[in-house]
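Following: one structure in structure tokens, then a few remarks.
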Amino acid sequence: MKQVLQDLRSHAVQVEEVPPPCCLPGGVLVRNQASLISSGTERATIDLGSKTLLGKALERPDLVRLLLRRLKSSGVAEVIDTVRARLDTAVALGYSSAGVVLEVGAGAEEFAVGDQVACAGAGYAGHAEVNWVPKNLCAKIPPNLSFESAAAVAVGAIALQGVRVAEVKVGERVAVIGLGLIGQLVAQILRAAGCGVWGLDPDPQRVKLADELGVDFACENRAWKQSPYSALCQRGEGADAVILTAATRSSEPIELAGELARERGVVVVVGNVRADIPREPYYKKELQVRYSRSYGPGRYDPGYEERGADYPYGFVRWTEKRNMEAFLDLVAQQKVRIEPLLTHRFSIDEGLEAFKLLSGERKERYVGILLTYPHAPSFSNRVALPGASPGARPTAVSRETVGVGWIGAGTFSRARLLPGLRKIGGLRLLGIANATGPSARRVAKSFGFRYSRPILLRF
């Protein structure tokens, strides 16, 4: 099957042929129909992946500290081998998609083969023809909703969770700073909740789009002080809440939020925005700063996301999955519109062009970038590498030749074990299996195995 991956060594984004996943217990196998590129998160992932080792170190000092601890405990040689092995891997991109259930794993019987579902989660709802998705990251699509609109489920749940964290009420004023994909969704959700909405963004095209989608007032950041609402803020009657959905290293959005908020208002950080909070305006107004964590309760909890343990409805009303379902209902009721946000569509075969647009190589304005999957081939879990047939046997094989199959292509295996195996003479490296198809494929190619496949195991 085809999947969009970023090579960590070359930094290149590629559409590769990889083995499709197996259907594991606790989830469903889904054939993708559409997936949405998250312009903020995925652009940040690509940018980090393309940085030098020094650049990555500056961005992720937590990983540098971990590396230093490994140096003390394991030594320089082992750490160098580990780093090299990690650079030989690929990152699967994407986390918001929609498709049709192909197979149902044990424990996920709430779904059936043929169900239309929307999926979320990095490493699960990727830009791939087939994904395995845990049941708590999967929601059924309402009957009147298209795959293209449902593919926005993850970014929609992020937007909805930001509104929930703000705890806004009917009739309150809310400012949204950053009118990209998630900002536009936040603005529409707020309108559906009966709030007055101000939208601000440096891009005049995004301001125009927000205005067309029904916000009460929209303007460019620099034009705010000339707006009629600026005087309202100066009288202390500003926004009850400000939601930051921008993605920037500038501190301008957090400073602007302090100007827009009323006394004792709330500022909610949703986007990847620099939060150097200016003390004076935030202190004098006694503002609250809150962070919204992705799709909602359950995020980053393996028990919830991977093992399917739900939270009690009476104690945690809005989990990740319930936010996904609520967002899909809003779209199905046409209270939130997705179609006007989809500025570009590409098939999976054109996936590289989609990411050129995201990286800026293609000089076009965009908001929502959609990938579609027009082909529905029959898949085999075993995928041969180019130039090799999985079932073929060598024409002449010595009796001393030993065929080797290998299970597990993790960092230790790639860094320490497989290099030693390759040095041994008289071996035929046949097949390699790993938990994920892309890793199995990459290691098979690097070490000369004839085919690769995923493992039907879950711990």
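Is it the case that the range 234-247 has a residue that's at positive phi, part of a loop (DSSP other than H, G, I, E, B) and not hydroxyl-bearing (Ser, Thr, Tyr)?
Yes, the conditions are met somewhere in the range 234-247.
Against the condition out of contact with any Pro (no Cβ under 9 Å at 6 or more places or on another chain), surrounded by fewer than 20 Cβ atoms within 10 Å (Cβ to Cβ) and not hydroxyl-bearing (Ser, Thr, Tyr), how does residue 205 come out, does it pass?
Answer is yes for this residue.
Can you say whether residue 218 is farther than 28 Å from residue 331 by Cβ, at pLDDT 95 or above and crowded, with 17+ Cβ neighbours inside 10 Å, as far as the supplied structure shows?
Answer is no for this residue.
It is to be established whether one or more residues within the range 440-459 are surrounded by 14 or more Cβ atoms within 10 Å (Cβ to Cβ), modelled with pLDDT of 75 or more, charged (D, E, K, R) and over 27 Å from the mean Cα position of the chain (by Cα).
yes
Looking at the range 261-272, which of its residues are under 18 Å from residue 160 (Cα atoms) and among the hydrophobic types (A, V, I, L, M, F, W, C)?
Within the range 261-272, 266, 267, 268, 269, 270 qualify.
Could you please find all residues in the range 107-126 being touching a residue at least 12 places away in the same chain (Cβ under 8 Å) and not hydrophobic (A, V, I, L, M, F, W, C)?
Correct list: 107, 110, 114, 115, 116, 121, 123, 124, 126.
Test residue 246 against the stated conditions and say whether it is modelled with pLDDT under 95, surrounded by 22 or more Cβ atoms within 10 Å (Cβ to Cβ) and of a type in the set (A, V, I, L, M).
Judged against the criteria, residue 246 is a match.
So residue 364 clears everything in (1) under 26 Å from residue 136 (Cα atoms); (2) of a type in the set (Asp, Glu); (3) in contact with a helix residue (DSSP H, G or I) (Cβ under 8 Å, 6 or more places away or on another chain) except one condition, right? Which one?
Failed condition: (1).
Name the pairs whose Cβ atoms lie under 9 Å apart, with the first residue in the range 160-171 and of a type in the set (D, E, K, R), the second at pLDDT 95 or above and in a helix (DSSP H, G or I), and 6 or more positions between them or separate chains?
164/323
Sort out which residues of the range 292-344 are among the aromatic types (Phe, Trp, Tyr) and either surrounded by 15 or more Cβ atoms within 10 Å (Cβ to Cβ) or touching a residue at least 24 places away in the same chain (Cβ under 8 Å) (or both), and write them in order of number.
Hits for the range 292-344 are 295, 304, 311, 318, 327.
What pairs come out if I take residues in the range 252-263 that are at positive phi and surrounded by 23 or more Cβ atoms within 10 Å (Cβ to Cβ) and pair them with residues that are in a helix (DSSP H, G or I) and modelled with pLDDT under 95 whose C-beta lies under 7 Å away, six or more apart or interchain?
Matching pairs, first to second residue: none at all.
With the requirement that a residue be basic (Lys, Arg) and either assigned to a strand (DSSP E or B) or more than 16 Å from residue 403 (Cβ to Cβ) (or both), what does the range 416-453 give you?
The answer is 416, 423, 428, 441, 442, 445, 453.
Looking at 178, 156, 194, which one is without any contact (Cβ under 8 Å) to a residue 60 or more places away in the chain and not charged (D, E, K, R)?
194
State all residues of the range 103-119 that are of a type outside the set (Gly, Ala, Ser) and not in a strand (DSSP E or B); if no residue qualifies, say none.
Across the range 103-119, the qualifying residues are 109, 110, 111, 113, 115.
Quick test for you: out of 356, 363, pick the one residue that is closer than 21 Å to residue 206 by Cβ, in a helix (DSSP H, G or I) and free of Cβ contacts under 8 Å to residues at least 24 places away in the same chain.
Matching residue, one of 356, 363: 356.
Being within 18 Å of residue 111 (Cβ to Cβ) and crowded, with 24+ Cβ neighbours inside 10 Å is the filter here, so list the residues in the range 142-153 that pass it.
Hits for the range 142-153 are 150, 151, 153.
Do any residues in the range 198-226 that are closer than 19 Å to residue 171 by Cα have Cβ atoms under 8 Å from those of residues that are at pLDDT 95 or above and of a type in the set (Lys, Arg), where the two are at least six apart or on different chains, and which pairs are they?
198/173; 213/337; 214/191; 215/191; 218/208
The values are calculated or read from the model by the stated rules, or taken from the named source; none is laboratory data. Remember, predicted model here, so these are calculated numbers, not experimental data. Cβ coordinates were reconstructed from backbone atoms using ideal geometry, including for glycine residues, and neighbour counts include every protein chain displayed.
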